[in-house]
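Note sheet for the following structure.
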Amino acid sequence: VLALHRHLSSDAKDVKTVTVFGAGLMGAGIAQVGAQAGYKVVLSDVTDKALENGLNIISKSLARVAKKAQPDDIEGYTKNVLANISTTTDAEKAVADSDLVVEAIIESIKIKRDLFGFLDTKAKPSAIFASNTSSLSITEIADATSKERQANFAGLHFFNPVPAMKLVEIIRTDATSQSTYEALRDVTIKMGKKPVTCKDTPGFIVNRLLVPYMLEAIRLVERGEATPEDVDTAMELGAGYPMGPFKLLDFVGLDTTSYISEGWHKNAGETGLPPTLVETPELLSKLVGEGRLGRKNGKGFYDYT
Ligand code: CAA
Ligand code: NAD
């Protein structure tokens, strides 16, 4: 039993290849910090266009990182990091050799469960599975995989922009093994991050506090009490936040914020979240309906083009 346990459990020294699903804002950043830490990274998405978008995000960010990491050989640094990243739209191939799978795809419980259910049958039994979900239950996502995999399953929640934000929340479910937790802790430290741990509760630590705050800022503007510009200035200069809530909403993505809020509101009865705290403001739905998704497509509460 001990030998079997040793075989199935993972530790950081076993993690060499990291697969990241989703080449958007978060997946691109996670792939980048993984590659910077020396891991072989496979970045996977559903279309070549999405992969191209991810590689663009990485190139822009790497230019900033390289200047600080290796000022006398920016080109060499960039080349070495990029050499650690390969891309594919083939999910099965993406996990064939993976020790750690980090999922950063659209915030939908169904799509995440479908992906992990599929990957469970394709990845090595020892591979650790982690979700970067902002708001969904890790237990519910992990439940799409086998009992054995559930011991190797956790939440690994990075923050946007990943290369600049130091924090990672590691979410342990009742099934997450100690060795899985320790492996994730060591991987995040190797990526230059500071891990904190949280139980599998809605929003974990940061989003449980941050999302209701952002939604309340929208309600304040909806009620006509202040402009987004003044709310941002107020929170930046009056509370010392690096970005006011509207700049932050645009940064996070209005679609992503709206998925979080809608999901929480729908399940408020079960999770005990106060429904009025997480209700989706009409203004948010309206902007998403108009295709204003935030900085990532050049328009949100503000225009960026
Ligand atoms: N790639 C690499 N480095 C970056 C970067 C990027 N995309 N963006 C910023 N940086 C680095 C800069 O190079 C700079 O580094 P140095 O100080 O070492 O030179 C540093 O970060 C600061 O950047 P800037 O001087 O350009 O600008 P800034 O001081 O205004 O900081 C910011 C930018 C870090 C984004 C800052 O505005 C900030 O912290 N904003 C709040 C971000 C935040 O709250 N994120 C969490 C969102 S919620 C979330 O992610 C969870 C969820 O599930 C929704
Ligand atoms: P995004 O919209 O920038 O990117 C999502 C990517 O996932 C897209 O490229 C899309 O093509 C891809 N995708 C969709 N379905 C897929 C599938 N089945 N297989 C592979 N790829 C697929 O979103 P994002 O902001 O990067 O968010 C991704 C995840 O990270 C979400 O769960 C989100 O809640 C979470 N998150 C977001 C932030 C943030 O600030 N934006 C912060 C932390 C966590």
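The values are calculated or read from the model by the stated rules, or taken from the named source; none is laboratory data. The model shown is predicted, which means the values in this text are computed figures rather than measured ones. Note: ideal-geometry Cβ built from the backbone for every residue, glycine included; neighbour counts use all protein chains shown. With ligands, DNA and RNA removed, areas are computed over all heavy atoms of the protein, side chains included. Shrake-Rupley method; radii C 1.70, N 1.55, O 1.52, S 1.80 Å.
Of the residues in region 289-297, at least one is over 27 Å from G29 (Cβ atoms) and modelled with pLDDT of 95 or more.
The number of residues in region 284-300 that are open to solvent by less than 40 Å² (accessible area, probe 1.4 Å) and not in a helix (DSSP H, G or I) comes to 4. All of S86, S126 fail the test of being at pLDDT 95 or above and more than 20 Å from Y181 (Cβ to Cβ), apart from S86.
All of (1) away from ligand 2 (no atom under 16 Å from the Cβ); (2) free of Cβ contacts under 8 Å to residues at least 24 places away in the same chain; (3) open to solvent by less than 50 Å² (accessible area, probe 1.4 Å) hold for P281 with one exception: (2). Kindly indicate which of L220, L249, L215, L273 is away from ligand 2 (no atom under 16 Å from the Cβ) and either of a type in the set (S, T, Y) or closer than 22 Å to E169 by Cβ (or both). Only one candidate passes the filter, namely L273. Filtering region 195-212 for residues that are touching an Asp or Glu at 6+ places or on another chain (Cβ under 9 Å), within 29 Å of F129 (Cβ to Cβ) and of a type in the set (F, W, Y) leaves a non-empty set. Selection of region 216-268 for residues being open to solvent by 40 Å² or more (accessible area, probe 1.4 Å), within 13 Å of ligand 1 (Cβ to nearest atom) and under 18 Å from E282 (Cβ atoms) yields only Y259. Filtering region 56-72 to residues that are hydroxyl-bearing (S, T, Y) and either modelled with pLDDT under 95 or more than 10 Å from ligand 1 (Cβ to nearest atom) (or both) leaves only S59.
Residues that are farther than 22 Å from N160 by Cβ and without any contact (Cβ under 8 Å) to a residue 24 or more places away in the chain within region 172-222 comprise Q178, L220, listed in sequence order. Taking into account only those residues within region 9-33 that are within 16 Å of the chain's Cα centre (by Cα) and more than 14 Å from ligand 1 (Cβ to nearest atom), which is surrounded by the most Cβ atoms within 10 Å (Cβ to Cβ)? Ranking the candidates gives V20 first. Of the residues making up region 44-94, those that are within 16 Å of ligand 2 (Cβ to nearest atom), open to solvent by less than 60 Å² (accessible area, probe 1.4 Å) and in a loop (DSSP other than H, G, I, E, B) are D45, D90. Does N152 satisfy the criteria of being within 11 Å of ligand 2 (Cβ to nearest atom) and within 23 Å of T197 (Cβ to Cβ)? Considered against the rule, which asks whether it is within 11 Å of ligand 2 (Cβ to nearest atom) and within 23 Å of T197 (Cβ to Cβ), N152 comes out as no.
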